[in-house]
Amino acid sequence: MFYIGSHISSSKGYEAMGKQALKLGANTFAFFTRNPRGGKAKEMIQEDVDKFLRLAEEHSFGKLVAHAPYTMNICAAKEDIRKFAKEMFMDDLVRMEYTPGNYYNFHPGSHVGQGSEAGIAMIGQVLNEVLREDMTTTVLLETMAGKGSEVGRNFEELRAILDLVSLKEKVGVCLDTCHVWDGGYDIVENLDGVLEEFDQVIGLENLKAVHLNDSMNPLGSHKDRHEKVGEGQIGKEVMTRIINHPSLNGLPFILETPNDDAGWAAEIAMLKEMHRD
Ligand code: FE
Ligand code: FE
Ligand code: ZN
């Protein structure tokens, strides 16, 4: 099964997201669990969620890949920011259980001058505080471009975080193609090699989702500027190889490309065309 979708606005609720996904030709999607800049989350409405769950079942949706707000930094230097981030994380995990068995992706964090080792230790600690045995959601660490003091700039940093987590079956990784490219992993010349390296360092069994983005910038630029599929430095031919790669078979592919609705619908249609069943 090929699961493809884009980021969808969550402002009108779950059923609206499901309908929007169908309109775009998607069978999975990403959404912000709350305003991407942070702040209070919208109330969960059981009836709305139930309608969505029926729609998702009827149309054989794959797993959703929810996205934590960008501002959620669980390794911030200031304790109050860290505490706020942890509360947001816990609240989001409660909300995620309304739609059981999906993914909650987050940016590991920015260590803001404390050094990545200190950042990694804090992230591991918070994960051990927020993950619960009885949750059905899997939390995903996103591979980062290495902009500023981002933690998760290479596979080793993500491995180090995973090593600290007690409930290992509750965590995984989401690979962002723009981020790994910007982080210096040459998926254009050596896609197989990069995925082999991922397997050796993190383990492909921990790879749960892909953010399918082209990049505006060259390999190793650490910039994190997404481009439309096929219009950036990664290019359409490599994107075709990515969605058809046997190691990525069955994963949800999420577009975070600079598009409007028509653009996403066209991109999704193009990718379905490029995917070989
Ligand atoms: Fe992200
Ligand atoms: Fe991403
Ligand atoms: Zn990005």
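The values are calculated or read from the model by the stated rules, or taken from the named source; none is laboratory data. Everything quoted here is computed from the prediction, not taken from an experiment. Note: ideal-geometry Cβ built from the backbone for every residue, glycine included; neighbour counts use all protein chains shown. Ligands, DNA and RNA are excluded from the accessible area calculation, which covers all protein heavy atoms including side chains. Shrake-Rupley method; radii C 1.70, N 1.55, O 1.52, S 1.80 Å.
Connecting C-alpha atoms closer than 10 Å in a GNM of the chain, tell me which of V194, V180, V151 has the biggest fluctuation. The residue with the greatest mean-square fluctuation here is V194. Given springs between every Cα pair under 10 Å in a Gaussian network model of the chain, which of M88, M216, M135 has the largest fluctuation? Among M88, M216, M135, the largest GNM mean-square fluctuation belongs to M135.
In what order, largest first, do Y70, Y3 sit by accessible area if the probe radius is 1.4 Å?
Sorted by accessible area, descending: Y70, Y3.
Bridge orientation summary for the chain: considering DSSP beta bridges with both residues in this region, about 15 percent are antiparallel. For E205, the accessible area of its heavy atoms, probed at 1.4 Å with every protein chain present, is near 120 square angstrom.
When Rg and Dmax are taken over the Cα atoms of the stretch 117-162, they come to 11.5, 36 Å. The alpha-carbon positions of the chain define a convex hull whose volume is 113 Å³ per residue. The gain in end-to-end length when the K272 to A77 segment is fully stretched comes to 65.8 nm, 0.36 nm per residue minus the alpha carbon separation. Within the stretch 1-160, the ratio Rg/Rh, alpha carbon atoms throughout and Rh by Kirkwood, equals 0.99.
The calculated FRET efficiency for S166 paired with V201, based on their beta-carbon distance and R0 = 30 Å, is about 0.90. Placing dummy labels 7 Å off each Cα toward the beta-carbon, the span from D50 to E129 is 3.7 nm. Computed from the alpha carbon positions, the gyration tensor of the stretch 196-277 leads to an equivalent ellipsoid with semi-axes of 21, 17, 11 Å, biggest first. Figure legend: label point modelled 7 angstrom from the Cα of E189 along Cα→Cβ; no residues of the stretch 141-179 have amide N under 12 Å from it.
These residues, S11, S247, go from largest to smallest accessible area, 1.4 Å probe, as S11, S247. Evaluated over the stretch 1-124, the count of Lys pairs having alpha-carbon atoms less than 22 Å apart is 19 (only pairs 8 or more residues apart or interchain). Both numbers refer to the Cα atoms of the stretch 39-121; Rg and Dmax are 15.8, 48 Å. The residues E157, E189, sorted by heavy-atom accessible surface at 1.4 Å with ligands and nucleic acids left out, run E189, E157 from largest to smallest. Counting only other residues whose beta carbon sits under 11 Å from that of H179, what net charge do I get with K and R as +1, D and E as -1? Taking every other residue near H179 into account, the sum is -2.
Taking label positions 7 Å along the Cα-Cβ direction at both A16 and V94, the computed distance is 2.3 nm, reported to one decimal. Assuming charge only on the beta carbon of Lys and Arg (+1) and of Asp and Glu (-1), the dipole of the chain about its Cα centre is about 660 debye to the nearest 20. The Cα center of the stretch 199-277 and the Cα center of the stretch 28-77 differ in position by 21 Å.
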